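Chemist: Before I ask anything, here is the structure I am working with.
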Amino acid sequence: MTGQPKRVLVVGGVNFDVIAQADRLPAEHEKLRGKECRVLPGGAASNTAVGLVRQGCSARLVSAVGDDAAGAMCLEVLRAKGVDTSLVQVQTGSLTSMAVVLSSGGGKRMLTFAGADRGLAFDAVTDDDIRGSDHVHVVGEPTPSLARVVDLAHRAGRSVSVEWNGRDMRSLARGASLNFMNADEAARLPYARGAPDTAGTALRIAEAVAGDVIVTMGAEGAVWATADGELIHEPTVPVQPVDRTGGGDAFDAGVVAGWLHGESPAACMRRGLDAALHVIKKIGAHP
């Protein structure tokens, strides 16, 4: 890639992650000996911002942490990895959001705990912040605060991508250039009823939101459905994951970076799939 790095404003959450790994997930009332336990920064927006920096982009994160040790550690690591955290609020008297992840290689269970009010950080985003970016990537609940950021981006003529993350993000997706989800998430959406397969669901969503939809399908790679009905499939190399945490976020970062540089859908997905493979072969989203 040549020229100035593409500038991406990433809007969403930062978590303090506790990742516990075992050969399998325990049954009810069962006590298992874990293999490894790590604490490190996480959250889909935070992970994607780190991934974008790895892809050669400039990433500025909009979020909030508490004024606790967990928040300080998250900010320190993110800055060390090249993420601009100047729009991350440190909120006095608040705790940093947390996630507890039970990981067994191919399986994952997660509990999340809300902390600092990231909506306040979203509300503080200005027109200048938007105009200082080439693209806006959003993750989170479809709240008025997040919708305001998306509206500012559209008004400024900036492209937008939306990570659905298991939620119905239609209210934010209209007008977005790229929409991300995985096959399990897509299957739980109303569009999946009666659809023949994941590709059929992706085509339905793309038509409904008038934007491109990219769905990851694990060992089957990813599929890209365009708003005008085109379907592109990109295979991947099947691997046994060590920890799936952050794999989808790395994929998003790779696709966004490729798309901003004018690459084809297949090349964008290839970039994203390779980035995801790098992450899921290790523990945590920031290897």
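Values in this text are rule-based calculations from the coordinates and carry no lab data. As the structure is a computational prediction, the values presented were derived from the model and not from experiment. Reconstructed Cβ throughout: ideal geometry from the backbone, glycine too, with neighbour counts over all protein chains shown.
Chemist: How would the stretch 51-128 be classified by its alpha-carbon gyration tensor: rounded, prolate or oblate, with rounded meaning a/c under 1.5 and the a/b versus b/c comparison settling the rest?
Modeler: It is oblate, given that a/c is not under 1.5 and a/b is not larger than b/c.
Chemist: OK, next. Report the dimensions of the stretch 158-284 along its three principal axes from the alpha-carbon atoms, largest first, rounded to Å.
Modeler: Sorted from largest, the Cα extents of the stretch 158-284 read 36, 33, 23 Å.
Chemist: So who's got an amide H within less than 5 Å of the one on K35, skipping anything under 5 residues away but keeping other chains? H placed 1.01 Å off N, in plane.
Modeler: Q21, A22, D23
Chemist: Give the percent of DSSP beta bridges with both residues in the chain that are antiparallel, rounded to the nearest 5.
Modeler: In the chain, DSSP labels about 40 percent of beta bridges as antiparallel.
Chemist: What relative contact order, as a whole-number percentage, does the stretch 3-51 give when Cα pairs under 8 Å and 6 or more residues apart are counted?
Modeler: Taking the mean separation of contacting Cα pairs over the length of the stretch 3-51, I get 48 percent.
Chemist: Could you give the size of the charge dipole of the chain about its Cα centre, using +1 on the Cβ of each K and R and -1 on the Cβ of each D and E, expressed in debye and rounded to the nearest 20?
Modeler: 400
Chemist: Each residue of the stretch 179-184 in order: what ³J(HN,Hα) in whole Hz does its phi give by Karplus 6.51 cos²θ - 1.76 cosθ + 1.60, θ = phi - 60°, with x for Gly and Pro?
Modeler: Going residue by residue, I get 10, 10, 6, 9, 5, 5 Hz, with x marking Gly and Pro.
Chemist: Which whole-number percentage describes the relative contact order of the chain, with Cα contacts under 8 Å and a sequence gap of 6 or more?
Modeler: With pairs under 8 Å counted, the relative contact order is 17 percent.
Chemist: From zero outward in steps of 10 Å, how is the percent of C-alpha pairs of the chain spread across the bins?
Modeler: Reading the bins upward from 0: 7, 30, 37, 22, 4, 0.
Chemist: On to the next question. Taking K31 as the anchor, which lysines have their alpha carbon closer than 21 Å to its alpha carbon, excluding any fewer than eight residues away along the same chain?
Modeler: Answer for K31, where 21 Å is the Cα cut-off: K108, listed by chain and number.
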